[in-house]
Amino acid sequence: MSKTALVVDDSTSMRQMVAFTLQSAGFEVVEGCDGKDALAKSQGGNFNLVVTDLNMPNMDGITLIKELRTLPAFKFIPILMLTTESQDEKKQQGRAAGATGWMTKPFNPEQLLQVVAKVVK
Amino acid sequence: MTSDIDLDQESPAQGQLAGDSHQFLTFTLQEQEFGVEILRVQEIKGFTRVTPIPNMPVCIRGVMNLRGTVVPIVDLRSKFNMPEAEYNQFSVIIVVNVEQKVMGLVVDAVSDVLNVNRDAIEPAPDLGQNVDTAFITGLAKSGDRLVTLLNIEELLMHDQEMAVAS
Amino acid sequence: MQIDISRFRDSFFVEAAEHLENMEAALLQLEGEPENTETLNTIFRAAHSIKGASTTFGMDEVGKFTHVLENLLDQLREGVAKASDQLVELMLTSVDVIEGLLAAEKENADPPENVDEVISALNEAFQAATGGQSLDGPSGTICKAVNDPAKPSNVTVYEIQLLPSREFFCFGQDPYLLLRELAEMGHLLDIQADSSALPPLAEMNPEHCYLHWTIKLQTEATEAAIHDVFMFVDEATQWKVSQATASDTPKTSEIDSATETPADADSESHTYQTTPVAESTDDSTRAKPTTSPKSSMRRTISAGENETVRVDRRRLDELINQIGELVIGTSMVEQDLASFGAGRESAAMGQLGKIVRDLQEMSLSLRMVPIAATFQKMARVVRDVSKKLGKEVQFITFGDETELDKTVVDQIGDPLVHMVRNAVDHGVEMPEDRERAGKPTAGRVELRAFQQGGNIYIELQDDGKGLNRKTLLSKAIEKGVIDSAENLSDNEICNLIFAPGFSTAAEVTDVSGRGVGMDVVRRNVEALQGSVSIRSEEGKGSTISVRLPLTLAILDGLLVRLEHEVYIIPLLSVVESIRVSPDQIKRIVGVGEVITLRGEVIPLLRLHQALQRSNGHDNEDGLLVIVEDQGRRMALMVDELLGQQQVVIKNLETNFRKVPGIAGATILGDGRVALIVDIYGVSLMHRQPTNGTPASRESTSLDAINSSTQHAVVESNTDPNSMTAS
């Protein structure tokens, strides 16, 4: 059975890039353009991975992570956050919220897949 | 109807053509036979209503509606300086594709498909001052028939008078 | 695996342009309210997004620049620095620089010249804000764990102990993955699970992790590389790595915890806990993020409510064309049915026709975009021009949400920029002059858009000095635009500014100049099948009104008959139609045939001749359609008026070529092709020396504008002394 990832970023190009990379690694990808959208799309879904940006309108990534962790289906799912080098504080907040790991922008598809391999069976 | 023409008549089965063999759709204009490369031919239509276009050479009859596309119609009789004929429901429009444009040629009637070997094509004879021979590929003999093969790119796209490409 | 991500560059360019638009809008807003955190957040988020994506797509110059900008923005957001006028100016310049850098990336062109200059200005501003703290460049730290090249070393045996926290699983962690990753680094000599911490079954929480592991790993990897395996584990999880000797005695037994940096290893670092499900529904345990506002300034509707899909423009155009065909096809069937059914109406056909027309309307709406983005650019133009000239201008827009065909929006920008520049440059007076005239020192420039019937109107109103009729007239005569001022109505005099050749390079100013006059504005608008006119009151200001069609795919046409053929005259050009008797047609030497209509001499064009319908047509008491093009009126003689109809425009060039006097073709309901008359073209074909025919144009009364749609007020309050060198 193929794995499904929820990719959340308000930047279309970044989202497409992440989605495309994951698809090339055999994931089915559901895209969300912000936390709110992602949360709506997470309902009832069966996901194996979440990759989310932190700085987003409507609902930011940290709130999204907290919200997702309250859902039984997302309780043990690896959640990766996309951060930038200047966001150490955010990274801490993200971990506190239940993020599994992070990717520092900029990254390339290969790096993304390596990190994904760390957290997904 | 005139458009009811069996294109396979007298033509060998597809794929059996020798490398140098070409198929031409033949048609008549004032009892003369002409041929156009069949690969250029998109379809054959009965004569329909043509809307005249102002300030055009006489041989541009106008434009017609081909399933929503506006297609110019070239009167070959007029182009070849033949006497004008009354076009009616028996006249035929050969719709051709040239350099990504779709155009229609009005002719008297469509005859058949002729299989011509390259070697069998004779160079165009001088037809006199009346006709420019640049758009004639050559002559093909088939039995006692003599068919003038047309180069329609030359005829429609590069001819001064038509200046379609301009 | 090599994955090509260049294909996402185009998306990035599109979204970066949106971010820049948002940034610019927010910056202009910031000028009025420099401490609006929400506005600052919007600007910050835009810069941040551009930075993140640009570096990912290898556009380092863009990344470097936005990083510097972001640092400064962070200071503003934190309240360390204030968004002074200079800073806003600097950031607006930065928006231009980013735009330039992006264009350079897109077209492989040279980056803007002032990049370094602006970067150092931004750095200076940052240092000023932080009291001398210098900026570090963007550090390209990319996932250390992944990138650290393992230094070649001798094979070592490590003993690794892993003590997961109870909540280990709740962070999406999985001990199996860690063990697998370790195994992949070398050779696993031994794994032991310690289950001593397992509570009795009754007390066990199945979601908790109670096991500990001890691993013996033989590897060439460094100790640091092994630590990196645990980079993602939660704060409470502990592990230790020690070198095992041949006899397997651990040398070190230091316990590490998963702290990020030593600085973070404070008391807080162990207090994080995964919130249990039951409690977490309680709002109080959920910290609200401080930096992300719930509502955003972005005009794009959030996708949660209204998801959007980007579609290739050509495919959309194709769809719209095909639906146009469907409309024609349907009306052909309708006519056939009517003729077969001898007057009996088909209910089914009526239903189908309605669906098809709705479908067409819907398809056209797909290509409609709000004019807001274009208006937004004008705010910037007003601001820049007024600053440069030392004028104060309040810029107000109405009806930003008015929608127009994308094709029209793309092409209306330049004419609008010119109009707006002109209004600020020539319309609005200097503050002192305004004060003297008893007006508020700040001029008011209003840009509004609204729909009326099948047209969109864009109006630009200023409360400046208005047009000086005397100057206009003398200039028009001097330029040879008119011969004399006779017979010109006030309205006609004003509209002289649109006459070709009226404004020339001689009056080019730094601001509105560039050698284009209002005649170019008019030509651009008319190329869009629109029209433009001006109303002006001396001393009180001017209003330029631009009328545009909703779409370029469809044309409102007047169907006329010439002998047996139907021709279409764009309704936009039609002023009126009249019937004349032969004796009303006069022949003037050097001009040709004319008629006199309410005192105005109008050249007559027999459409039959121009379109070669018949040469010796002598239908003297024919119908005349009075049309107007480029301000010149002309009477077209036709045989019959058949009515008005919306037609789908077909290009003759597709299969043929451009035909003089013909703008295109369309297919009528009965399936035949009708040609669309190009008014300007036929007037050229038949143009008589009509130098002196006044420009005249009915200006539509558009004063009753509903101002309830006020959308944005951007104030450009400028002190010329506050301009900075940057």
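The values are calculated or read from the model by the stated rules, or taken from the named source; none is laboratory data. These numbers come from a predicted model, not from an experiment. When we count neighbours, we look across all protein chains shown, and the Cβ atoms used for this are built from the backbone with ideal geometry, even at glycine.
Here are the numbers for the structure shown:
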| item | result |
| --- | --- |
| Single match in C:Glu429, C:Glu401, C:Glu392 (criterion: crowded, with 19+ Cβ neighbours inside 10 Å and either touching a residue at least 40 places away in the same chain (Cβ under 8 Å) or under 20 Å from the mean Cα position of the chain (by Cα) (or both)) | C:Glu392 |
| Hey, A:Ser13 modelled with pLDDT under 85 and either surrounded by fewer than 24 Cβ atoms within 10 Å (Cβ to Cβ) or at the interface with chain C (Cβ under 7 Å from one of its Cβ atoms) (or both) or not | no |
| Residues of region C:565-592 that turn out to be surrounded by fewer than 17 Cβ atoms within 10 Å (Cβ to Cβ) and either touching a Lys or Arg at 6+ places or on another chain (Cβ under 9 Å) or not assigned by TED's automatic domain parsing to the domain that holds C:Arg633 (or both), as a count | 0 |
| Residues satisfying the stated conditions in region C:387-414, i.e. more than 30 Å from C:Gln86 (Cα to Cα) and of a type outside the set (Gly, Ala, Ser) | C:Glu401, C:Thr402, C:Glu403, C:Leu404, C:Asp405, C:Lys406, C:Thr407, C:Val408, C:Val409, C:Asp410, C:Gln411, C:Ile412 |
| Single match in C:Ser573, C:Ser614 (criterion: in contact with a helix residue (DSSP H, G or I) (Cβ under 6 Å, 6 or more places away or on another chain) and at pLDDT below 80) | C:Ser614 |
| Subset of region C:81-115 [among the β-branched types (Val, Ile, Thr) and under 22 Å from the mean Cα position of the chain (by Cα)] | C:Val88, C:Thr93, C:Val95, C:Val97, C:Ile98 |
| Neighbours by Cβ (under 9 Å, 6+ apart or cross-chain): first from region C:219-240, closer than 10 Å to C:Leu182 by Cα and outside any strand (DSSP E or B); second at pLDDT 80 or above and of a type in the set (D, E, K, R) | C:Val229/A:Lys118; C:Val229/C:Glu181 |
| Region A:100-112, subset within 7 Å of another protein chain (Cβ to nearest Cβ) and either in contact with a Lys or Arg (Cβ under 7 Å, 6 or more places away or on another chain) or among the aliphatic types (A, V, I, L, M) (or both), residue surrounded by the fewest Cβ atoms within 10 Å (Cβ to Cβ) | A:Met103 |
| Selection from region A:75-98 of residues that are more than 7 Å from every other protein chain (Cβ to nearest Cβ) and small (Gly, Ala, Ser) | A:Ser86, A:Gly94, A:Ala97 |
| Residue in region A:47-61 that is surrounded by 22 or more Cβ atoms within 10 Å (Cβ to Cβ), more than 8 Å from chain C (Cβ to nearest Cβ), of a type in the set (A, V, I, L, M) and closer than 17 Å to A:Ser13 by Cα present | yes |
